[in-house]
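Student: Let me begin by handing over the structure; questions about it come next.
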């Protein structure tokens, strides 16, 4: 009987086991380094970027703002609800059109409503940053945004060649998080801005599941370094780095996310 049960159990496991790719809150726009200020389109999507997989429904964001030359501007009223289509489903997301002015760094910050992950019975809140620069004039890219948790970049997140490294410090209430656990994913499917969906064409192929979501750790000072192997957008998520650990009586993973963009040298 044991000889029969073992193959059956193995078959059931192989049919039901699904790789758990990481959630990533996105603030996306096609280009992070602009020659001059203009109106830009932003898409706020909570999804699985490498696989363009399951997209989660976003609730109403708690905060959405931009920091420019130390000044914080509330952008929450600019948000419009949309439906974003992944390769497997559709989910509630948001978009915004923002008029950039002058030269400098525009640090976009999102504090989303916590998302309840039923399978894990926990809430996830990914506090996210993304920087758009105009005219190459640096201002705020390395400044702290005053978020509960954030990744403070040590390299300009919009001025990276393929093969450069990206360095950052994971912080919680302004203090470094020693040995923070960080997940890294590549935006492997191009977002089609006019259609609110991912392209079906993948830019890279992972040889094994551990290459989809890469895991790195910060050092004792909360600092980390990542070598950039390919041009495009890369997301970094410091898991559970935030001070809040509970929401509505359940465990909360308050994560810090930052997006960077690398370019090939021609």
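The values are calculated or read from the model by the stated rules, or taken from the named source; none is laboratory data. Note that the coordinates shown come from a computational prediction; the quantities given were computed from them, not determined experimentally. As a convention, Cβ positions derive from the backbone with ideal geometry for all residues, glycine included, and neighbour counts pool all protein chains shown.
Student: Evaluate the following for residue 105: is it touching a strand residue (DSSP E or B) at 6+ places or on another chain (Cβ under 6 Å), in a loop (DSSP other than H, G, I, E, B), touching a residue at least 12 places away in the same chain (Cβ under 8 Å) and farther than 19 Å from residue 88 by Cβ?
Tutor: It is false that residue 105 is touching a strand residue (DSSP E or B) at 6+ places or on another chain (Cβ under 6 Å), in a loop (DSSP other than H, G, I, E, B), touching a residue at least 12 places away in the same chain (Cβ under 8 Å) and farther than 19 Å from residue 88 by Cβ.
Student: Going through the range 63-94 one residue at a time, which ones are closer than 21 Å to residue 145 by Cα and within 17 Å of the chain's Cα centre (by Cα)?
Tutor: 63, 64, 65, 66
Student: Write out, first by first residue and then by second, each pair whose Cβ atoms fall under 8 Å of each other, whose residues are 6+ apart or on separate chains, and whose first residue, in the range 152-168, is within 11 Å of residue 234 (Cα to Cα) while the second is surrounded by fewer than 14 Cβ atoms within 10 Å (Cβ to Cβ) and modelled with pLDDT of 95 or more.
Tutor: 166/225
Student: All but one of (1) surrounded by fewer than 16 Cβ atoms within 10 Å (Cβ to Cβ); (2) touching a residue at least 40 places away in the same chain (Cβ under 8 Å) hold for residue 64; which doesn't?
Tutor: (1)
Student: Hey, could you check the range 232-252 for residues that are touching a strand residue (DSSP E or B) at 6+ places or on another chain (Cβ under 8 Å) and not in a strand (DSSP E or B) and say which is farthest from residue 185 (Cα to Cα)?
Tutor: The selected residue is 248.
Student: Then there is this: Sort out which residues of the range 73-92 are outside any loop (DSSP other than H, G, I, E, B), without any contact (Cβ under 8 Å) to a residue 60 or more places away in the chain and touching a strand residue (DSSP E or B) at 6+ places or on another chain (Cβ under 7 Å), and write them in order of number.
Tutor: Selection gives 73, 74, 76, 78, 80, 81, 90, 91, 92.
Student: Within the range 15-35, work out how many residues are modelled with pLDDT of 95 or more and out of contact with any strand residue (DSSP E or B) (no Cβ under 6 Å at 6 or more places or on another chain).
Tutor: The total comes to 3.
Student: Taking the range 108-143, which residues are farther than 21 Å from residue 44 by Cα and in a loop (DSSP other than H, G, I, E, B)?
Tutor: 118, 119, 120, 121, 135, 136, 137, 138, 139, 140, 142, 143
Student: Inspect all residues belonging to the range 236-243 and state whether any of them is over 30 Å from residue 85 (Cα atoms) and surrounded by fewer than 16 Cβ atoms within 10 Å (Cβ to Cβ).
Tutor: Checked the range 236-243: at least one residue is over 30 Å from residue 85 (Cα atoms) and surrounded by fewer than 16 Cβ atoms within 10 Å (Cβ to Cβ).
The rows are residues; the columns are (1) more than 27 Å from residue 83 (Cβ to Cβ); (2) free of Cβ contacts under 8 Å to residues at least 24 places away in the same chain; (3) in contact with a strand residue (DSSP E or B) (Cβ under 6 Å, 6 or more places away or on another chain).
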position	(1), (2), (3)
180	yes, no, yes
183	no, no, yes
197	no, no, yes
203	no, no, no
207	yes, yes, no
226	yes, no, yes
